[in-house]
Amino acid sequence: MLNQLSELAYFGGEPKFKEKLFVGRPNIGNRDILLNRINDMLDRRWLSNNGVFVQEFEQRLADYLGVKHCIAVCNGTIALELVIRALELKGEVIIPSFTFIATAHALQWQEITPVFCDVDPKTHTLNPAKVESLITPRTSGIMGVHVWGQPCDVESLTEIADKHQLKLMFDASHAFGCSHQGKMIGNFGNAEVFSFHATKFINAFEGGAIVTNDDDLNQKLRLMKNFGFSGFDNVIYLGTNGKMSEVSAAMGLTSLESIEEFIEVNRRNYYCYRESLANIPGITLFPVNEAEKHNYQYIVLEVDEEQSKVSRDLLIKILHAENVIARRYFYPGCHRMQPYRSYFPHACLLLPETEKLTQRVLILPTGTTISEDDINKVCSIIKFCIYNFSEITMYKK
Ligand SMILES: *Cc1c(COP(=O)(O)O)cnc(C)c1O
């Protein structure tokens, strides 16, 4: 497809894709079923406040995950904030910096200090030994993040939390449909949180859910997400508005019904990328553990510039010019964003692996809108760049 440099759009050629390929283009399930649900909802005139669809969505999620309680809420960030509050976290909570900013903000919003911990370069999740070294008398909890659907080292984190009497929760926004040691993500720690934002594996336009096996926590969370109301006119607790709307639950149910199809397409895409990108110097595809259930929702490359000779950022520029909107997650890392950058100006010194990952990771588009042909084209652009690195770097802008 590509023979010389001038054919790259970055160097003045025609973009190889007419329409932009995005990371996180929503998966839409069966449109007719969704529209029928919306019609039913309008006929019922029940649009929010624990409606029929929200109740059904919660039940189906709990069944799918094999967890006792599921509380649907309006988004993943509110879900995190509610759990943090319900677990009575305070002082300091240890989290990775290699995550979406909402993980940190959900704590800081409640004036709890997120203490950024480095990750294991192999799993991209919290390094348990480093977690333990960051525990102080002010520490009240640990929040792990199962990035890319890769489960944290749940056993070690549970042991550390028990030993130091800390609460343990997980931001499982990336990990719906994934398992760890044969058990679905959602069953670990005191509670786990999912996001059903439009860009996530299962979507409810905007949405989230908290899952827990703890009866008391469930009771508390149900009150807190609805202003603390216990029946008409009776408020017994401090709460907020975290309710999921019916239209969101209608989408969530429809999305959930297509889960096997979404997994199948994502898996096909993952294998297509894996085959196409095998044995390219400096390019590594983050592996999926085939022994577990997985959603294959993120195509994560690590670019090692010493070997690839083309930097991650130059590759991104070249791909963008071709209309492949690859992304740098989670650049530049929470610790380099405000307000954390001002609070902890030297945090980067304690986060060498996070710093490296934020310079190396590149996310490629996948999902139901992308064909195997598209993927082969994307990969041929990457391969062309790496195999022609000397010219590329000589003429780069
Ligand atoms: C998407 C995401 C969130 C936030 O979820 P919203 O539903 O968008 O509020 C939190 N943490 C991680 C890791 C996420 O990817």
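Where a number appears in this text, it was derived from the coordinates with a stated rule and is not lab data. What you see is a predicted model; the values in this text were computed from it and never measured. Ideal geometry is used to build each Cβ from the backbone, glycine not excepted, and the neighbour counts take in all protein chains shown.
Which shape class applies to region 133-191: rounded if a/c is under 1.5, otherwise prolate when a/b exceeds b/c and oblate if not, where a ≥ b ≥ c are the square roots of the Cα gyration tensor eigenvalues? Walk me through the numbers before you get to the answer.
Values: a/c = 2.42, a/b = 1.99, b/c = 1.22.
Here region 133-191 falls in the prolate category.
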Taking Cα atoms only, helix 52-65 is inclined relative to the longest principal axis of the chain by an angle, in degrees rounded to 10, of 70
Using alpha-carbon coordinates alone, the radius of gyration and Dmax of region 15-167 in Å work out to 19.6, 57
Relative contact order of the chain, defined on C-alpha pairs under 8 angstrom at six or more residues apart (%): 22
By how many degrees, 0 to 90 and rounded to 10, does the Cα axis of helix 246-257 deviate from the longest principal axis of the chain? 60
Region 145-262: Rg/Rh from Cα coordinates, Kirkwood Rh? 1.01
The long-range amide H neighbours of residue 16, using H built 1.01 Å from N in the peptide plane and a cut-off of under 5 Å, are 9
Which of 23, 61, 41, positive extreme of dipole for region 3-109 (C-beta unit charges): 41
If you average the C-alpha positions of region 326-397 and of region 218-253 separately, how far apart do those two centres end up, in angstrom? 39
Calculate the dipole size of region 178-324 relative to its Cα centre from +1 charges on Lys and Arg beta carbons and -1 charges on Asp and Glu beta carbons; express the result in debye to the nearest 20. 160
Around residue 225, under 14 Å between beta carbons, what's the net of Lys plus Arg minus Asp minus Glu among the other residues? +2
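Give, rounded to the nearest 20 debye, the magnitude of the charge dipole that the chain has about its Cα centre when Lys and Arg contribute +1 at Cβ and Asp and Glu contribute -1 at Cβ.
Details: 40 positive and 47 negative charges, 176 e Å.
Charge dipole of the chain: 840 debye, to the nearest 20.
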Report the equivalent ellipsoid semi-axes for region 18-75 in whole Å, largest first, defined as the square roots of five times the eigenvalues of the gyration tensor built from alpha carbon atoms. 25, 19, 11
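Strictly over 29 Å apart at the Cα level, which of 18/397; 122/383; 130/317 would you flag in this model?
Details: 18/397 23 Å; 122/383 24 Å; 130/317 35 Å.
Long pairs (Cα-Cα over 29 Å): 130/317.
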Region 119-175 and region 1-76: distance between their alpha carbon centers, rounded to Å: 29
Let me confirm the definition first: pairs of Lys residues in region 137-294, 8 or more apart or on different chains, C-alpha distance under 25 Å. How many are there? 12
Global form of region 292-342, assessed from the alpha-carbon gyration tensor, a/c cut-off 1.5: oblate
dims of region 253-349, Cα set, principal axes, largest to smallest, nearest Å -> 45, 37, 31
Per q in 0.13, 0.14 1/Å, what log10 I(q)/I(0) does a Debye calculation on the alpha-carbon atoms of the chain return? -1.11, -1.24
Two-decimal Rg to Rh for region 51-121 - Kirkwood Rh, Cα set: 1.07
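Rounding to the nearest 20 debye, state how big the charge dipole of region 181-221 is about its Cα centre with +1 on each Lys and Arg Cβ and -1 on each Asp and Glu Cβ.
Values: 3 positive and 5 negative charges, 36 e Å.
In debye, rounded to 20, region 181-221 gives about 180.
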What is the antiparallel percent of DSSP beta bridges lying wholly in the chain, to the nearest 5? 55
By average Cβ neighbour count within 10 Å, what is the ranking of 334-340, 140-146 from highest down? 140-146, 334-340
Given the options 246, 292, 192, which has the most mean-square fluctuation in a GNM of the chain, springs set between C-alpha atoms less than 10 angstrom apart? 292
Nonlocal amide H pairs with residue 90, under 5 Å, H built at 1.01 Å: 140
With point charges of +1 on the Cβ of Lys and Arg and -1 on the Cβ of Asp and Glu, referenced to the Cα centre of region 162-209, which listed residue (191, 173, 208) lies farthest in the positive direction of the dipole? 191
